[in-house]
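To start, the structure under review is shown below, and the notes come after it.
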Amino acid sequence: MISEEQINILCFQGESNCVDYKRAQYAFQGADDAQKAELLKDILCFANAFRRSPAYVLIGVDEDESGLGVIHGIDDNDVIDDAQLQQFINSKTNNR
């Protein structure tokens, strides 16, 4: 997990090949594989992109007109369980 300070820094830097903002949580709980495809696509794009630093998808953050991230947050009920997320990704990919 990253710190609040790191999140603020990432919001100030804007979207890039290392940072993506998502206003709302991905469809996951109770969703079928087709609905989960957007999540998987974003993860695989970061996994396959050349970069020298870690990549982040900031959920609950929207891009303003200047390109900076604005934190809106998400409902506690929209948090995806890490174990379920890892299991889903591992079931759809061949490599880590």
Next on the checklist: Yes or no: segment 40-55 includes at least one residue that is acidic (Asp, Glu) and in contact (Cβ under 8 Å) with a residue 40 or more places away in the chain.
Outcome noted: no
Checklist entry - Right, Asn17: assigned to a loop (DSSP other than H, G, I, E, B), open to solvent by 50 Å² or more (accessible area, probe 1.4 Å) and more than 21 Å from Ala83 (Cα to Cα) or not? => result yes
Checklist outcome for this item: Picked from segment 45-71 (must be surrounded by fewer than 12 Cβ atoms within 10 Å (Cβ to Cβ) and of a type outside the set (D, E, K, R)), the residue nearest to the chain's Cα centre (by Cα) is Pro54
Checklist entry - What about Phe28, is it open to solvent by 60 Å² or more (accessible area, probe 1.4 Å) and either in a loop (DSSP other than H, G, I, E, B) or modelled with pLDDT of 95 or more (or both)? => result no
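The values are calculated or read from the model by the stated rules, or taken from the named source; none is laboratory data. The structure displayed is predicted, hence computed values, not measured ones. Reconstructed Cβ throughout: ideal geometry from the backbone, glycine too, with neighbour counts over all protein chains shown. Accessible surface is based on the protein model in full, side chains and every heavy atom, while ligands, DNA and RNA are left aside. Shrake-Rupley method; radii C 1.70, N 1.55, O 1.52, S 1.80 Å.
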